[in-house]
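Worksheet: one structure, shown below.
The values are calculated or read from the model by the stated rules, or taken from the named source; none is laboratory data. Keep in mind that this is a model prediction, so the values were computed, not measured. Neighbour counts are summed over all protein chains in view; Cβ atoms, including those assigned to glycine, are modelled from backbone coordinates with ideal geometry.
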Amino acid sequence: MPKGTQLLAALQERIRAAGAISFCEFMALALYAPQWGYYNRPQLQIGRRGDFITSSSLTRDFAELLTEAFVQMWHALERPQRFTLLEMGAGEGQFAEGVLGYSQATYPDFFAALEYQIQEPSPSLRERQRQRLAPWGDRLRWRDLDTACEPIVGCIFSNELVDAFPVHRLQWQGDNWQEIYVSLNAQGAFQEVLGPLSDDRIHEYFATVGIDPQQQGYSDGYRTEVNLNLIPWLKDLSEHLKRGFVLTIDYGYPAQQYYHPARCEGTLQCYYQHRCHNNPYCFVGEQDITAHVDVTALTCYGEQFGLATLYVTRQSLFLMALGLGDRLVAQQQSNGNLLQALNRHQALHQLIDPLGLGGFYVVLQGKQARLNLPQLEEAVQGFAQ
Ligand SMILES: C[S@@+](CC[C@H](N)C(=O)[O-])C[C@H]1O[C@@H](n2cnc3c(N)ncnc32)[C@H](O)[C@@H]1O
């Protein structure tokens, strides 16, 4: 059977049975249906040979620089005997490999305290992570937040996870929201239809992030997304964190920019073989579907669940504060292989490119924990969010 056919058939069957499904359900099935969903396919690859590049897949420097932050967190927590680093959505495992390898070589005291945990729903990615991380088998555990686990002292980290949560899509009509559902036309192709909101929490969401849609002056046809899945996710995180930090990195906007009337097409994006477009109904199961993250929602809901906002900044500033500039200088002075040097130089620049990865948001939250990053504070002065 051609690739994607089983998933298409399953989606069509589900829609025929229900009449129409919310876009959120469509996205959840396209990305996470067992076996055939995009993230569950054995052939999924993240990085140059896949559909998109992440900082973790670009260069090991990303994991190494963030290890500097984890070491500072360990000190801020007064060097507990066990520091748990829980990575959520670990992809190919490159980030974990970088953190474990670098801390083992550079910070043996921290490494002795480090327990690395991964939460990864995709069986094929879990298998790849197991193979890549085999040398650190005694330090690693895959965990499921649904099952009872010891509360964590340490840090819960994710990179490009929240943008992969299924979102509700809304359209402004008259003077209110309608929700976008997916149904089938007479030929069996996907088509969008409007209907009432499927979840009451959508109104509460806007109130929480400080947006009054009635006051925004939206025109008919204005579209946007709401990521309700981040609410239970943050609640679970906070419940599992006894003391420590939540570090979330992703692309997004604060609510005022996210829901600005000018952003009339929303932020939904699809990635297929490094091409970015906005049609979620083609290459179903073979392309990634994402929406930008509402950074205000992360901080507001975090605060509701007991996570204090410590820093909201950009990846470029965060990584510079952790020593990326020193790495660039050291790399320019080394006499290694020219091609490798060029590639690394380029990758370091990509990590801080303000129009690319460098523009990603870094949100650091704390529970009974504070972190002082003087270099970051210096850099942030004068930087407009
Ligand atoms: C865009 S990839 C990012 C991978 C990796 N963090 C990186 O930087 O390369 C998203 C990852 O999140 C995982 N994921 C999706 N939903 C998740 C959830 N609810 N909890 C944990 N991981 C999830 C996916 O399986 C995948 O590993």
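Quick rundown of the values:
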read-out: Lone unmet requirement of (1) of a type in the set (A, V, I, L, M, F, W, C); (2) more than 19 Å from the chain's Cα centre (by Cα); (3) surrounded by 20 or more Cβ atoms within 10 Å (Cβ to Cβ) for LEU298; value: (2)
read-out: Pair list, Cβ under 7 Å, 6 or more apart: region 24-41 residue touching a residue at least 24 places away in the same chain (Cβ under 8 Å) and within 21 Å of TYR181 (Cα to Cα), other residue hydroxyl-bearing (Ser, Thr, Tyr) and assigned to a helix (DSSP H, G or I); value: ALA30/TYR38; LEU31/TYR38; LEU31/TYR39; TYR32/TYR39
read-out: Residues (out of contact with any helix residue (DSSP H, G or I) (no Cβ under 9 Å at 6 or more places or on another chain) and either near the ligand (Cβ under 10 Å from one of its atoms) or not in a helix (DSSP H, G or I) (or both)) located in region 12-21; value: GLY19, ALA20
read-out: Region 310-356 - residue that is of a type outside the set (D, E, K, R) and in a strand (DSSP E or B) and, of those, surrounded by the most Cβ atoms within 10 Å (Cβ to Cβ); value: THR313
read-out: Residue satisfying all of: in region 140-175; small (Gly, Ala, Ser) and under 15 Å from GLN117 (Cα atoms); modelled with the lowest pLDDT among these; value: ALA148
read-out: Residue in region 293-304 that is part of a strand (DSSP E or B), within 16 Å of the ligand (Cβ to nearest atom) and at pLDDT 95 or above present; value: yes
read-out: Subset of region 111-135 (residues that are in a helix (DSSP H, G or I) and free of Cβ contacts under 8 Å to residues at least 40 places away in the same chain); value: PHE111, ALA112, ALA113, ARG126, GLU127, ARG128, GLN129, ARG130, GLN131, ALA134, PRO135
read-out: Residue list for region 49-61, restricted to those being within 8 Å of the ligand (Cβ to nearest atom) and either free of Cβ contacts under 8 Å to residues at least 40 places away in the same chain or farther than 18 Å from HIS277 by Cα (or both); value: SER55, SER56, SER57
read-out: Of all residues making up region 285-313, the number that are over 22 Å from ILE53 (Cβ atoms) and in contact (Cβ under 8 Å) with a residue 12 or more places away in the chain; value: 17
read-out: Qualifying residue in region 43-65 (condition: touching a Ser or Thr at 6+ places or on another chain (Cβ under 6 Å) and under 30 Å from ILE180 (Cα atoms)); value: yes
read-out: Spans of helices (runs of 4 or more DSSP H) in region 24-110 with at least 3 residues at pLDDT 95 or above and surrounded by fewer than 21 Cβ atoms within 10 Å (Cβ to Cβ); value: 60-76, 94-106
read-out: Scope region 149-205; condition hydroxyl-bearing (Ser, Thr, Tyr), closer than 27 Å to ILE249 by Cβ and more than 16 Å from the ligand (Cβ to nearest atom); matching residues; value: TYR205
read-out: Selection from region 110-131 of residues that are within 24 Å of MET73 (Cβ to Cβ) and either more than 16 Å from the ligand (Cβ to nearest atom) or of a type outside the set (Val, Ile, Thr) (or both); value: PHE110, PHE111, ALA112, ALA113, LEU114, GLU115, TYR116, GLN117, GLN119, GLU120, GLN129
